[in-house]
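Accompanying notes for the structure given below.
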Amino acid sequence: AGSLKARVAELIPEKRNELKEIKTKYGNKSLGEVTVDMAIGGMRGIKGLLWDTSILDADEGIRFRGYTIPELQEKLPATIEGGEPTPEAILWLLITGEVPTAAQARSITDDLSSRATIPEFVEEILDRCPRDLHPMSQLSLALNALQRDSIFAKAYADGINKANYWDPTYEDSMNVIAKLPLIAAKIYRNVYKDGKMGAIDPKADYSQNFANLLGFSDNQGFTELLRLYLVIHTDHEGGNVSAHTTHLVGSALSDPYLSLAAGLNGLAGPLHGLANQEVLRWILAMNEKLGVDHPTREQILNYCKETLASGRVIPGFGHAVLRKTDPRYIAQREFALKYMKDDHLFSIVSNLFHIVPEVLKEQGKVKNPYPNVDAHSGVLLRYYGFVEQDYYTVLFGVSRAIGVLSQLVWDRALGLPIERPKSMTMASIRQMFEK
Ligand code: AMX
């Protein structure tokens, strides 16, 4: 009673009615025109998905269930006085649309730690992975293996009624979110350390547990950063590759393990989540090339121009929807100003914040020259000694799970159908317009 699941059960009839009403009232209204350019250009700008947990405004950035990041920092319960909100709190918010009390957020912490175990065979699979198998591939592998225990898959095989799909989807989703720190930390410990890992501490919050498992138990700054990181990366409306993929695969009634694994395979692409690792690598390569720790404005400018001239993108800049600086970037910048303002890599990130947009504007084709979330995260992690760049996208994946699985619960609760847009051939496009 008073649990998140009970609250979801209460909200379902309301939400089902709301959807029905929207369909009745507006079902045949147009959301906009679809041009040939849109079909060819990655469906950019097509309003063709229902996604309730967050929405992105081109200028203002993301709102999670109506709240901006600064609003979340003010309203959501934190673990330490005046500290960052917790992923548990945003999970409650994303699923219910309601700001949780501290007790409700705590109930999520307890629920997640009670679910946090992984079967031995999954650990063994990870132990057998070669160290040079990318951490994201290992994460995906482990999720697919954990799928053996999917409650949804079993319920479906046993003939569950459609009306109840949401229940095992919820159970699987909470289990996945609970188990992710264990899997993620196991990967980290195997690839970069001695493979040994601590245990879940039921008194600690989700981020503290994750930090402990990674081997950062005494590093309070890192844990606080992890809370911020895990909150801001959760969700970025429905059309980005990881969210859309999770939703698409889930629409075939593939269970949450399979759906999320698919989404995370998309997150592992360099134009999406992998930019997380690329930014720091690119900055360090600049320093190495120049043989300095404090490159001048001129040197940074030239390095950016060289990157562009060699036909590569400047990682961490640009966005398909955003047209201003990403508020997730700003939140991280503020964190840096508070805790590491004299760090030399932070000062490079600050310089890039001013220099890169000039270079990209001058080049003239980029629609958004400003930094996105990935332009900042690497230097923050590195500051606390978390230096293994190739691993960074795994942290992104742990966070992204919280957003996309919250929506997946609603996909099943609302009975959203299998996704199946229409495709065109070049010939069929010609035929339409060349009669
Ligand atoms: N550096 C150089 N060129 C860039 C650029 C950048 N940071 N961002 C966009 N461009 C180029 C595009 O490659 C494209 O070139 P083309 O016409 O020769 O193909 C042109 O500018 C127009 O692209 P756009 O409409 O502005 O961007 P998009 O919607 O097609 O792509 C994105 C968006 C994020 C993939 C792109 O900005 C990019 O590649 N950025 C760098 C990688 C990155 O930071 N990704 C992370 C995004 C956030 C996330 O998902 N985690």
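Coordinate-derived values only; no laboratory data. As the structure is a computational prediction, the values presented were derived from the model and not from experiment. Positions of Cβ are backbone-derived with ideal geometry, glycine not excepted, and every protein chain shown enters the neighbour counts.
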Quiz item: On the given criteria, is Lys193 crowded, with 19+ Cβ neighbours inside 10 Å, away from the ligand (no atom under 16 Å from the Cβ) and of a type in the set (Lys, Arg)?
Solution: no
Self-check item: Breaking point among (1) in a helix (DSSP H, G or I); (2) over 24 Å from the mean Cα position of the chain (by Cα); (3) within 19 Å of His247 (Cβ to Cβ), for Glu21
Solution: (3)
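For the structure I just gave you, tell me whether Val231 is β-branched (Val, Ile, Thr) and farther than 20 Å from Met174 by Cβ. Spell out the reasoning first.
Details: β-branched (Val, Ile, Thr): yes; farther than 20 Å from Met174 by Cβ: no.
Against the criterion (β-branched (Val, Ile, Thr) and farther than 20 Å from Met174 by Cβ), Val231 does not qualify.
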Quiz item: Scanning the range 393-403 for residues that are of a type outside the set (Phe, Trp, Tyr) and under 8 Å from the mean Cα position of the chain (by Cα), which turns out nearest to Leu264 (Cα to Cα)?
Solution: Gly397
Practice problem: Test Ile187 against the stated conditions and say whether it is more than 16 Å from the ligand (Cβ to nearest atom) and part of a helix (DSSP H, G or I). | Solution: yes
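How about the range 67-80: which of its residues are part of a loop (DSSP other than H, G, I, E, B) and either under 17 Å from the mean Cα position of the chain (by Cα) or over 20 Å from Ile108 (Cβ atoms) (or both)?
Correct list: Thr68 only.
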Self-check item: Residue identified as of a type outside the set (Phe, Trp, Tyr), in contact with a helix residue (DSSP H, G or I) (Cβ under 6 Å, 6 or more places away or on another chain), farther than 24 Å from Leu274 by Cα and touching a residue at least 60 places away in the same chain (Cβ under 8 Å) among Thr169, Thr79, Thr68
Solution: Thr169
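Which of the helices (runs of 4 or more DSSP H) found entirely inside the range 226-307 contain at least 1 residues meeting this: more than 16 Å from Leu143 (Cβ to Cβ) and not acidic (Asp, Glu)? I'd like the intermediate steps shown before the answer.
Numbers: elements: 241-251, 256-267, 275-290.
In the range 226-307, the matching helices (runs of 4 or more DSSP H) lie at 241-251, 275-290.
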Quiz item: Before we move on, is Lys361 within 11 Å of the ligand (Cβ to nearest atom), without any contact (Cβ under 8 Å) to a residue 60 or more places away in the chain and out of contact with any helix residue (DSSP H, G or I) (no Cβ under 9 Å at 6 or more places or on another chain)?
Solution: no
Quiz item: If you go through the range 308-327 one residue at a time, how many are more than 9 Å from the ligand (Cβ to nearest atom) and outside any loop (DSSP other than H, G, I, E, B)?
Solution: 2
Quiz item: Do we have any residue at all in the range 14-28 that's of a type in the set (Gly, Ala, Ser) and surrounded by 13 or more Cβ atoms within 10 Å (Cβ to Cβ)?
Solution: no
Quiz item: How many residues does the range 112-142 contain that are surrounded by fewer than 18 Cβ atoms within 10 Å (Cβ to Cβ) and more than 28 Å from Glu278 (Cα to Cα)?
Solution: 7
Self-check item: One residue from Phe335, Phe386 being closer than 21 Å to Ile69 by Cβ, more than 16 Å from the ligand (Cβ to nearest atom), within 20 Å of the chain's Cα centre (by Cα) and in contact (Cβ under 8 Å) with a residue 40 or more places away in the chain
Solution: Phe335
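Tell me which helices (runs of 4 or more DSSP H) are completely within the range 88-165 and hold 2 or more residues being more than 20 Å from the chain's Cα centre (by Cα) and over 23 Å from Ile402 (Cβ atoms), or say none if there are none.
On the way: elements: 102-115, 120-128, 135-146, 151-157.
So the answer is 120-128, 151-157.
One residue is enough: does the range 277-284 have a residue meeting the conditions of a type outside the set (Phe, Trp, Tyr), surrounded by fewer than 21 Cβ atoms within 10 Å (Cβ to Cβ) and within 8 Å of the ligand (Cβ to nearest atom)?
Within the range 277-284, the subset of a type outside the set (Phe, Trp, Tyr) is 277-281, 283-284.
This time we only want the ones that are surrounded by fewer than 21 Cβ atoms within 10 Å (Cβ to Cβ), so: 281, 284.
Right, trim to within 8 Å of the ligand (Cβ to nearest atom) and you get none.
The answer is no, given that none of the residues of the range 277-284 is of a type outside the set (Phe, Trp, Tyr), surrounded by fewer than 21 Cβ atoms within 10 Å (Cβ to Cβ) and within 8 Å of the ligand (Cβ to nearest atom).
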Quiz item: Residues of the range 29-46 being within 16 Å of the ligand (Cβ to nearest atom) and either in contact with a strand residue (DSSP E or B) (Cβ under 9 Å, 6 or more places away or on another chain) or assigned to a loop (DSSP other than H, G, I, E, B) (or both), which ones?
Solution: Thr35, Gly41, Gly42, Met43, Arg44, Gly45, Ile46
